[in-house]
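Take a look at the structure below.
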Amino acid sequence: MRTALFGGSFNPIHIGHLIMAEEVLLVTGCERILFLPANIPPHKDLEDPGAEIRAAMVEASIDGDTRFSLSRCEIERAGVSYTIDSLRSLQSQGLVGKHPCIVIGDDLIEGFSSWKEADLLARETELVIVHRLSPQNLSFDYPHRYLNNRMLPISSTEIRQLIEQKGAWRYLVPEGARRLIEKNRLYGYRAD
């Protein structure tokens, strides 16, 4: 089964992530998206409720869609999460075959060369670049495929701010994530 790996902090997961994942499946011929919530992202500072709760939000949000799966490999490995380490781990366990797709937002391509073993990662996978910042295909020095995806102006940062400020956030996240945010009072959520 050809798989696309979709890593990130998912802090929280939102509808833009799920729409992007579905578009990746439709365009690449992959049969499954494997969501990889980062334990500690190497290029991002988190206002973090914890990796396990972020993974639980992903799991609750993809429940019922057999095309989507969750891997806790980055959380179980602990420490900083590097995509190449996750790829090796998943392949050694037989969970991912050779040459899977890796989903990368165009907001990350400028720093891709600083990723751990970026050259090897680019050789051993198909890099699928998705539009997040620019509707144009940005220059990228590695072999890749650009997805002509729909750009939704949604970010996890904005959702966290809306929750804290009691703004309209409810329909920006999947139902499973909403329930966990409210139950655990994440991101400053207040019911009053």
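The values are calculated or read from the model by the stated rules, or taken from the named source; none is laboratory data. Keep in mind that this is a model prediction, so the values were computed, not measured. Cβ atoms come from the backbone with ideal geometry, glycine included; neighbour counts cover every protein chain shown.
Consider Leu87 carefully, then state whether it is of a type in the set (A, V, I, L, M, F, W, C), buried (at least 16 other Cβ atoms within 10 Å of the Cβ) and in contact with an Asp or Glu (Cβ under 9 Å, 6 or more places away or on another chain).
yes
When you scan region 98-123, how many residues do you find that are assigned to a strand (DSSP E or B) and surrounded by 18 or more Cβ atoms within 10 Å (Cβ to Cβ)? Show your work before the answer.
Our first condition is that a residue be assigned to a strand (DSSP E or B); within region 98-123, this holds for 101-105.
Retained after the next criterion (residues that are surrounded by 18 or more Cβ atoms within 10 Å (Cβ to Cβ)): 101-104.
Adding up the residues that qualify gives 4.
Taking region 67-84 as the range and being of a type in the set (D, E, K, R) and surrounded by fewer than 18 Cβ atoms within 10 Å (Cβ to Cβ) as the test, the residues that pass are Arg67, Arg72, Glu76, Arg77.
Check whether at least one residue in region 153-166 is in a helix (DSSP H, G or I), touching a residue at least 60 places away in the same chain (Cβ under 8 Å), of a type in the set (D, E, K, R) and touching a Leu at 6+ places or on another chain (Cβ under 9 Å), and report yes or no. Explain how you work it out, then say what you get.
We begin by selecting, within region 153-166, every residue in a helix (DSSP H, G or I); these are 156-164.
Checking which are touching a residue at least 60 places away in the same chain (Cβ under 8 Å) leaves us with 156, 159-160.
Filter again for of a type in the set (D, E, K, R), leaving 160.
Of the ones still in play, those that are also touching a Leu at 6+ places or on another chain (Cβ under 9 Å) are 160.
Looking for residues that are in a helix (DSSP H, G or I), touching a residue at least 60 places away in the same chain (Cβ under 8 Å), of a type in the set (D, E, K, R) and touching a Leu at 6+ places or on another chain (Cβ under 9 Å), one finds at least one in region 153-166, hence yes.
Evaluating Leu138 against the criteria (1) closer than 19 Å to Phe35 by Cβ; (2) modelled with pLDDT under 95; (3) hydrophobic (A, V, I, L, M, F, W, C) leaves one unmet condition, (1).
Out of region 167-192, which residues are under 19 Å from Gly8 (Cβ atoms), in a helix (DSSP H, G or I) and without any contact (Cβ under 8 Å) to a residue 24 or more places away in the chain? It would help to see each step written out before you state the result.
Let us first name the residues in region 167-192 that are under 19 Å from Gly8 (Cβ atoms), namely 169, 172-174, 176-178, 180-181, 186-187.
Remaining after also requiring in a helix (DSSP H, G or I): 172, 176-178, 180-181, 186-187.
Scanning region 167-192 gives a single hit, Arg178.
For Glu126, are the conditions met, namely being surrounded by fewer than 19 Cβ atoms within 10 Å (Cβ to Cβ), modelled with pLDDT of 95 or more and acidic (Asp, Glu)? Yes.
Assess whether Arg145 counts as being basic (Lys, Arg), surrounded by fewer than 16 Cβ atoms within 10 Å (Cβ to Cβ), part of a loop (DSSP other than H, G, I, E, B) and in contact (Cβ under 8 Å) with a residue 60 or more places away in the chain. So that I can check it myself, show each step before the final result.
Numbers: basic (Lys, Arg): yes; surrounded by fewer than 16 Cβ atoms within 10 Å (Cβ to Cβ): yes; part of a loop (DSSP other than H, G, I, E, B): no; in contact (Cβ under 8 Å) with a residue 60 or more places away in the chain: yes.
No, not satisfied.
Among the residues of region 1-19, those identified as in contact with a His (Cβ under 9 Å, 6 or more places away or on another chain) and either surrounded by 19 or more Cβ atoms within 10 Å (Cβ to Cβ) or within 21 Å of Val80 (Cβ to Cβ) (or both) are Phe6, Gly8, Phe10. Among the residues of region 23-75, those that are farther than 23 Å from Asn149 by Cβ and among the hydrophobic types (A, V, I, L, M, F, W, C) comprise Ile40, Leu46, Ala51, Ile53, Ala55, Ala56, Ala60, Cys73, Ile75.
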